[in-house]
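Each remark here refers to the structure printed beneath this line.
The values are calculated or read from the model by the stated rules, or taken from the named source; none is laboratory data. All values reported here derive from a predicted model rather than from experimental measurement. Positions of Cβ are generated from backbone atoms using ideal geometry, with glycine treated the same way; all protein chains shown enter the neighbour counts.
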There are 2 protein chains.
Amino acid sequence: MSPNHPPSSLAPGADGQAVSGVGAAIAATRAPRGQARAALIAAAHSMVRKQGYAATTVDQICAAAGVTKGAFFHHFASKEALAVAAAEAWTERARPMFEMPPHTQLGDPLARLLGHIDFRFAMLDGPVEEFTCFVGTMVQEAFATSEPIRAACEASIAAYCAALVPDIAAAIDVYDAPEDVTALGLAQHIQAVLQGSFILAKTTNDPAIARESVTHLKRYIRMLFAPPGAP
Amino acid sequence: MSPNHPPSSLAPGADGQAVSGVGAAIAATRAPRGQARAALIAAAHSMVRKQGYAATTVDQICAAAGVTKGAFFHHFASKEALAVAAAEAWTERARPMFEMPPHTQLGDPLARLLGHIDFRFAMLDGPVEEFTCFVGTMVQEAFATSEPIRAACEASIAAYCAALVPDIAAAIDVYDAPEDVTALGLAQHIQAVLQGSFILAKTTNDPAIARESVTHLKRYIRMLFAPPGAP
DNA sequence: GACAACATACCAACCAGTCGGTATGTAGAT
DNA sequence: ATCTACATACCGACTGGTTGGTATGTTGTC
């Protein structure tokens, strides 16, 4: 679903305690038996977000996960297979974003949509590598060289967009929007703005420039669904 | 300036003939003496856009440029130094985008701005790696691991945004826009949408999804500067 | 004791960068 | 104009360290 830093503890077990909070550091403790797979995926998430996929080595992931190479290749046939599994896990890790936050309780679909944008806006804080998107980063490097990774990233992004579609479709029904605006198309545009804002944030190593862009996105959505005749 | 595929032959000499048109292939001929540096930079542009920075090896760049490793390290102290030089060259390669196209002749600043968006829209065609952004791709991987590369990419993006500012500022003067819209902020938003649309295009390996997003961007800009009371 | 979940030791390929050497130009003196 | 002296451009074999992956041993669990 292409999320970023999911609200801590909303993805139970996804963040193996083997990965220290600061992300790229080496795991202090060894991962408990039975949690190697989850720890490896969590380590891949944080390391790839910081360094990119190709620059992140299997050894680094193992070290960050508190696991040896033997465990790695016991659970994954290759580095590429881990990447695919991590992309799928990323989708799951994002799910709570659509179920938990308060704005999901609102009755008006437009209010829910705008609430989601606010939610994403609020995420744009702290170190850049903690709010950027794992699959967005990875597909950038792998789209032409690894078809399995590309497809997994596409699925994750598509799942995020699909989760936005119902509220957008309902908003299109209730308010009047330009004819050629589709729910899926707008959902994809929202995702594009988020992904683009991550890149700008990386150029400055600061979230401020990303917040500016999401503010424009929110204004656009408000204007799209403005009651006709309102100022 | 974070362009993409600059209109062919608008960047004279930047595309060393050593690099074949298909991008990642090995150079058919050896680069003529005196053009090794330019050929290496052009090769870096095409290979990094397709594979990413870390996954692209110095040997691959040399092969694509039709040059040996000796020449590489004669011109660049390191792979990182080439990356910085290539980012600077990318800025230059984008410059014609703001000087040549017909829309730059228009009198109305908003028309010029919309013309530029159309121009970018028209670029979203063909293989993904031929319209995506070199510095956007590279900063994604290097923002946390190479400060020189990060800074060079920031400068390139900033130059692109700065080139958009005059027209946007003039449009803000002529038409009335919301108070908190700044010329630089909107320029950065335009850049964010473009970068984000590139990422979506990479997920599907198809430009269509990127065009959709740029269409939303154009509608937003038209709405922002709409004469009050117009439908 | 059998099977999954690991750990350890190891390897062949690969990678960025080095180094001694060659080819090509160029400026000044004659 | 030609020779000398030097600089720049380029070549390609080599190296030390790294990388993804393997082969085999060990430990815990039912």
## Note on the structure
In segment A:41-57, residues that are away from every other protein chain (no Cβ under 14 Å) and either closer than 22 Å to B:Met138 by Cβ or within 11 Å of DNA strand D (Cβ to nearest atom) (or both) total 2
### Residue in segment B:90-108 that is within 27 Å of B:Thr145 (Cβ to Cβ), within 16 Å of DNA strand C (Cβ to nearest atom), within 14 Å of chain A (Cβ to nearest Cβ) and of a type outside the set (Asp, Glu) present
no
### Query
Does any residue of segment A:90-111 turn out to be closer than 26 Å to B:Gln140 by Cα and without any contact (Cβ under 8 Å) to a residue 40 or more places away in the chain?
no
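Within segment A:67-83, track down each residue that is assigned to a helix (DSSP H, G or I) and either surrounded by 19 or more Cβ atoms within 10 Å (Cβ to Cβ) or not acidic (Asp, Glu) (or both). Outline the logic, then answer.
Step one: list which residues in segment A:67-83 are assigned to a helix (DSSP H, G or I), which gives A:69-75, A:79-83.
Across segment A:67-83, the qualifying residues are A:Lys69, A:Gly70, A:Ala71, A:Phe72, A:Phe73, A:His74, A:His75, A:Lys79, A:Ala81, A:Leu82, A:Ala83.
Per-residue answers, yes or no, for (1) surrounded by fewer than 18 Cβ atoms within 10 Å (Cβ to Cβ); (2) free of Cβ contacts under 8 Å to residues at least 60 places away in the same chain:
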{"site": "A:Ala162", "(1), (2)": "yes, yes"}
{"site": "A:Val165", "(1), (2)": "yes, yes"}
{"site": "A:Pro178", "(1), (2)": "yes, yes"}
{"site": "A:Leu186", "(1), (2)": "no, yes"}
{"site": "A:Ala210", "(1), (2)": "no, no"}
{"site": "A:Thr215", "(1), (2)": "yes, no"}
### Query
From the list B:Ala38, B:Ala86, B:Ala64, which one is part of a helix (DSSP H, G or I), of a type in the set (A, V, I, L, M), more than 15 Å from DNA strand D (Cβ to nearest atom) and free of Cβ contacts under 8 Å to residues at least 60 places away in the same chain?
B:Ala86
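Which one of B:Ile172, B:Ile157, B:Ile199, B:Ile190 is at the interface with chain A (Cβ under 7 Å from one of its Cβ atoms), β-branched (Val, Ile, Thr) and either touching a residue at least 60 places away in the same chain (Cβ under 8 Å) or more than 22 Å from A:His189 (Cα to Cα) (or both)?
Within the list B:Ile172, B:Ile157, B:Ile199, B:Ile190, the selection yields B:Ile157.
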### Task
Check off (1) surrounded by fewer than 18 Cβ atoms within 10 Å (Cβ to Cβ); (2) outside any helix (DSSP H, G or I); (3) at pLDDT 95 or above for A:Pro231 and give me the number that stays unchecked.
(3)
### Summary
Checking B:Gly126, B:Gly136, B:Gly185 in turn, the sole residue that is part of a helix (DSSP H, G or I) and closer than 19 Å to B:Ala210 by Cα turns out to be B:Gly136
